[in-house]
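The values are calculated or read from the model by the stated rules, or taken from the named source; none is laboratory data. From a predicted model like this one, the values you see are computed outputs, not experimental measurements. Please note: Cβ atoms are built from the backbone with ideal geometry, for glycine as well, and neighbour counts cover all protein chains shown. Note: accessible area is taken over every heavy atom of the protein model, side chains too, but ligands, DNA and RNA are not part of it. Shrake-Rupley method; radii C 1.70, N 1.55, O 1.52, S 1.80 Å.
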Amino acid sequence: MKAIRVHETGAPDALQLEEVPDLHPDPGQVVVRVHAAGVNPVDVYIRSGIYPVKPPLPYTPGMDAAGVVEETGERVSRVKVGDRVYVAGTLSGAYAEQALCDESQVHKLPDSITFAQGAGVNVPYATAYRALFYRAHALPGETVLVHGASGGVGIAAVQIARAHGLTVIGTGGTEEGLRLVREQGAHYVFDHHQPDYLKEIMALAGGRGVDLVLEMLANVNLANDLGVLAQKGRVVVIGSRGSIEIDPRAMMGRDSGILGMSLMNASPEELSGIHAALVAGLENGTLRPVVGQEIPLQDAARAHRAVMEPGAYGKIVLVP
Ligand code: NAP
């Protein structure tokens, strides 16, 4: 089978398509024929060598995919050959024609969701879900600012929060992105490049502020986020690409909190609960992953450049 391999971390051209041996499952494992693989910013950080988690070289990147179960090992009971599935992490890497997974990493993909959409489920939706409910303990009736709503995690957060009964404010950096965020369920949208958008959000929230902020670029926004929080408000730091100075007094007066969130810290029990909720949402139509670009597997380097560019529009997926 063909797979993208990285022999040395570094520039996007480190991603090379190669012929590798076919995969076969041990007991408790599943081989999935990959129809689409999701591209996440973390794949870029790992490939470039700056991420704390460093896979042994050479490796095949990617944590997200969707496809069909091709072979199951002994004692596998959750899925059978021929099932449509999405993959939440793999043992072998997702940027490939086949992915080897532990049985716990594969989840049923409803017929209404395409493989390209399925490749956009795991990291984005599990991150948004864990941030909202396991970290911020979001409640129906609260207001959430999804700060960076036009990309993978943002669109997922908008759909999940809307379905849960929150008032959703989403930001994007382009007209197309803002239109998408509104279509996907945000009650209000704002351009995070406009000078006064945070003042407008405060005015919208009646001067009270928002209960939650899901923050995709904390190194730019965290100090300002603290100023738009309501009493007992919470910011969840999901993405950050540098450092920032904040005024802790802005938190003191509001009893507010800053919560970190890494999906990598999710326990097996949490993951099993999160994916049960995501499968239910995919089945009932409240969760509808948005695919912005489909790129051939051999052009993985192009996909890695694209995912770091401004003007996000849903997910970028690779198609073998
Ligand atoms: P993505 O698809 O590239 O989306 C990035 C989002 O950030 C877009 O909505 C983008 O909007 C927005 N953005 C750009 N400039 C912004 C600004 N000044 N203020 C607010 N938002 C801004 O990436 P993603 O997959 O959604 O991931 C988002 C971030 O979370 C990344 O940094 C990623 O590494 C991180 N992440 C963390 C975890 C975790 O476990 N903690 C998991 C998944 C992702 P425009 O492009 O329209 O300007």
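Quick check on segment 124-264: take the gyration tensor over C-alpha atoms, sort the square-rooted eigenvalues as a ≥ b ≥ c, and tell me if it's rounded (a/c under 1.5), prolate or oblate. Rounded, since a/c falls under 1.5. What percent does the relative contact order of the chain come to when contacts are Cα pairs within less than 8 Å and at least six residues apart? Relative contact order here is 19 percent.
Tell me what the chain gives for mean residue ellipticity at 222 nm when only DSSP H runs of n ≥ 4 count, each as -39,500 (n - 2.57), the sum divided by the residue total, rounded to 500 deg cm²/dmol. Don't skip to the answer; put the middle values down first.
Numbers: 10 runs with 89 residues, N = 320.
Mean residue ellipticity at 222 nm (helix-derived): -8000 deg cm²/dmol.
Rounded to the nearest Hz, the phi-derived 3J(HN,Hα) couplings of segment 28-43 under the Karplus curve 6.51 cos²θ - 1.76 cosθ + 1.60 (θ = phi - 60°) are x, 10, 9, 9, 10, 6, 7, 9, 7, 10, x, 9, 10, x, 4, 4, where x marks glycine and proline. Across ASN221, ASN284, ASN265, mean-square fluctuation computed from a Gaussian network of the chain (C-alpha pairs under 10 Å connected) peaks at ASN265.
Tell me, what is the percent relative contact order of segment 124-264, built from C-alpha pairs under 8 Å that lie six or more residues apart?
Values: 296 pairs, mean separation 31.3, N = 141.
Dividing the mean separation by the residue count of segment 124-264 yields 22 percent.
Here the chain is treated with +1 on each Lys and Arg Cβ and -1 on each Asp and Glu Cβ, and its dipole about the Cα centre works out to around 640 debye. Straight-line cross-link reach from LYS80 at under 27 Å between alpha-carbon atoms covers these lysines, not counting any fewer than eight positions away in the same chain: LYS2, LYS108. Taking amide H as placed 1.01 Å from N in the peptide plane, the amide H of VAL290 sits under 5 Å from that of LYS315, each at least 5 places away or on another chain.
Over segment 205-280, the ratio between the Cα radius of gyration and 2.2 N^0.38 Å evaluates to 1.27.
Once you wrap a convex hull around the alpha carbon atoms of the chain, what is its projected area averaged over all directions, in nm²?
Working: hull surface 61.7 nm².
For the chain, the mean projected area of the Cα convex hull comes to 15.4 nm².
Counting only protein heavy atoms and using a 1.4 Å probe, the accessible area of LYS80 comes to about 130 Å². Helix 218-228 versus the longest principal axis of the chain: what is the Cα-based angle in degrees, 0 to 90, to the nearest 10? Roughly 40 degrees between the two axes.
Cross-link partners of LYS54 among aspartates and glutamates, defined as those whose alpha carbon lies under 20 angstrom from its own and excluding same-chain residues fewer than eight positions apart: GLU8, ASP13, ASP43, ASP64.
Please label the shape of segment 68-176 as rounded, prolate or oblate, based on the square roots a ≥ b ≥ c of the eigenvalues of the alpha-carbon gyration tensor (a/c under 1.5 means rounded; beyond that, a/b larger than b/c means prolate, else oblate). In terms of gyration-tensor shape, prolate. Measuring nothing but how far apart in sequence close Cα pairs (under 8 Å, 6+ apart) lie, relative to its length, segment 228-317 scores a relative contact order of 24 percent.
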